[in-house]
Amino acid sequence: MDRREAVLRELNLYPIWVRRDRLAPKADDPPPAEVIAEPAPPVADKLRSPEVSTGTDTLTVVPNSMLDGLGWPELKQRVHDCTACKLRAGCTQTVFGVGDENADWLFVGEGPGAEEDALGEPFVGQAGKLLDNMLMAIKLKRGKNVYIANIVKCRPPGNRAPEADEILACMPYLRRQIELIQPKLIVALGKVASNALLGKEATLASLRGKLHDYCGIPLVVTYHPAYLLRSPSEKAKTWHDLCIAVKAFKGVS
């Protein structure tokens with residue numbers, strides 16, 4: 001067994017998903033899902049506002065313009081020193097992102113968990129191992145032409161989903177990271193990442209299986225690795241999403 005087959009077995013995709021050079025499709029096999037390119041949706045107004053009311057408090061958001069011109073060292077320091085939302089007070093450290101800063105591929109998750117908060121790196125532990133296997137399945141590797149980041153840089157308490165005001169406070173940092181990386185393709189992992197990047201509220205089911213656009217960059221939506229650990233039967237759908245991503249990447253390379 002070669003390494004690629006071993007990875008596919010780990011993803012519960014073998015022998016359902018077999019390389020084309022090994023097995024031709026049967027005549028009665030269903031056709032692959034159509035890849036539909038969507039125009040870039042308008043960014044939600046709340047993601048553009050420098051100030052948002054959250055009940056009795058008013059959250060001041062770092063405007064994108066204040067990050068213009070910042071390089072990697074300055075941006076990392078700005079994130080490290082950030083106190084724009086309540087998450088910073090309850091986490092051990094910020095989790096900026098990791099990988100090739102000139103990568104063609106950008107993977108964006110939701111936010112740090114307990115292990116990420118302890119180590120200061122996104123996607124470690126079992127979810128990180130699964131993400132590494134997903135990368136291996138499409139011939140990618142963490143740190144090599146791949147950058148990994150999250151929507152929020154601080155761990156939400158109890159590993160809950162980040163709230164709207166927390167996403168609003170942190171998105172300018174991710175936008176600046178994307179401007180610096182200039183990836184050729186973005187893969188959004190999970191509903192929180194997908195909705196934040198696309199600027200709209202939508203179900204993951206409605207976003208999967210098609211090609212989206214983030215500021216001119218192709219964007220593909222799939223499941224978060226942590227969800228796949230709880231629902232391994234969805235791994236086959238994730239493989240389909242990754243195939244869409246590979247096809248889109250070849251189209252822009």
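Values quoted throughout were computed directly from the atomic coordinates according to the rules given, and no laboratory measurement underlies them. Note that the structure is predicted; figures quoted are calculated from it, not measured. A quick note on method: Cβ atoms are made from the backbone with ideal geometry, for glycine too, and the neighbour counts reach across all protein chains shown.
Overall, the ratio between the Cα radius of gyration of the stretch 157-253 and 2.2 N^0.38 Å, rounded to two decimals, is 1.10. Label 7 Å along Cα→Cβ of Asp81; the stretch 135-176 residues with amide nitrogen under 16 Å? Residues passing the 16 Å test: 173.
Averaging sequence separations of C-alpha pairs under 8 Å and six or more residues apart, then dividing by the length of the stretch 188-253, give the relative contact order as a whole percent. Write out the running numbers ahead of the final one.
Values: 65 pairs, mean separation 20.1, N = 66.
With pairs under 8 Å counted, the relative contact order is 30 percent.
Each of the peptides 129-137, 145-153 was scored by the mean count of other Cβ atoms within 10 Å over its residues; in descending order, highest first, they stand as 145-153, 129-137. The length gained on full extension between Val252 and Lys200, counted as 0.36 nm times the residue separation minus their Cα-Cα distance, comes to 16.2 nm. Pairwise inverse Cα distances across the stretch 78-118, averaged and inverted, put the Kirkwood hydrodynamic radius at 11.9 Å.
Using +1 on the beta carbon of Lys and Arg, -1 on that of Asp and Glu, and nothing else charged, what's the dipole of the stretch 61-213 about the Cα centre, debye to 20? Mind showing how you got there, number by number?
Working: 19 positive and 18 negative charges, 75 e Å.
It comes to approximately 360 debye.
Relative to one another, the C-alpha centroids of the stretch 74-124 and the stretch 209-235 are positioned 20 Å apart.
Considered as an equivalent ellipsoid built on the Cα gyration tensor, the stretch 105-178 has semi-axes of 22, 15, 9 Å, the largest given first.
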